[in-house]
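Here, each number is a calculation from the coordinates, and none is a lab measurement. Owing to the predicted nature of the structure, the values given are computational and were not obtained by experimental measurement. Please note: Cβ atoms are built from the backbone with ideal geometry, for glycine as well, and neighbour counts cover all protein chains shown.
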Amino acid sequence: MRGMLGQAAVIVLAAILAAAGTHFLHPKAPAWYRTEEPLREGEVSMALIQERWSGDVLWVDARLRRDYEAGHVPDALLLNEQEADQLLFDHFEKLQDNKKPIVVYCGSDACQASQKMAAYLRERLPGMEILVLKGGWDAWQNAQKKR
């Protein structure tokens, strides 16, 4: 029994060493710690925004006003859950006359404010193309760093 456990331990150790060697030495090693999740329905990535619309979309920031004022996508409209009705009234004409896709973002991938605001806008602006930016503000900032 001990001999069999020893052999199993040697095999497991050899597999771990081979995997670690491949990860650190191979030029195209896979990322173990992170896999790219596919886009959910109604989501869009920065790459897709550039590819499909050359970045020409109407941005809606669903974060708190203080976060928006600290920094936001140029020309983005502030429309958050806390002030939704008043802000919608303020931006209604611009939203209604808009012919571009509307992309809503919040702080990060974990944030749900953009999903809520996209649903809010879909109810009030039927027929408009309203999407959520996967990764939110973080994704937009990272895309700007790569430019």
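Once the Cα atoms are used to define both axes, helix 113-124 deviates from the longest principal axis of the chain by about 40 degrees. Compute the helix-to-body angle for 84-97: its Cα long axis versus the longest principal axis of the chain, expressed 0 to 90° and rounded to tens. Helix 84-97 and the main axis of the chain meet at about 80 degrees.
Only lysine pairs 8 or more places apart, or on different chains, with alpha-carbon atoms under 22 angstrom apart are counted in the chain, and they number 9. Its Cα centre serving as origin, the chain has a Cβ charge dipole (Lys and Arg +1, Asp and Glu -1) of approximately 780 debye. The per residue volume of the convex hull around the alpha-carbon atoms of region 26-140 is 125 Å³. Annotation: amide H-H contacts under 5 Å for Leu131 (H modelled 1.01 Å from N, sequence separation of 5 or more, or interchain): Ile102, Val103, Val104.
Mind giving me the FRET efficiency for Asp75 and Phe24? R0 is 35 Å, r the Cβ-Cβ distance, nearest 0.05 is fine. All intermediate terms of the calculation are to be shown ahead of the outcome.
Numbers: r = 44 Å, r/R0 = 1.27.
According to the calculation, E is roughly 0.20.
Placing a pseudo-label 7 Å from each Cα along the Cα-to-Cβ vector at Met1 and Ser54 gives an inter-label distance of 7.3 nm.
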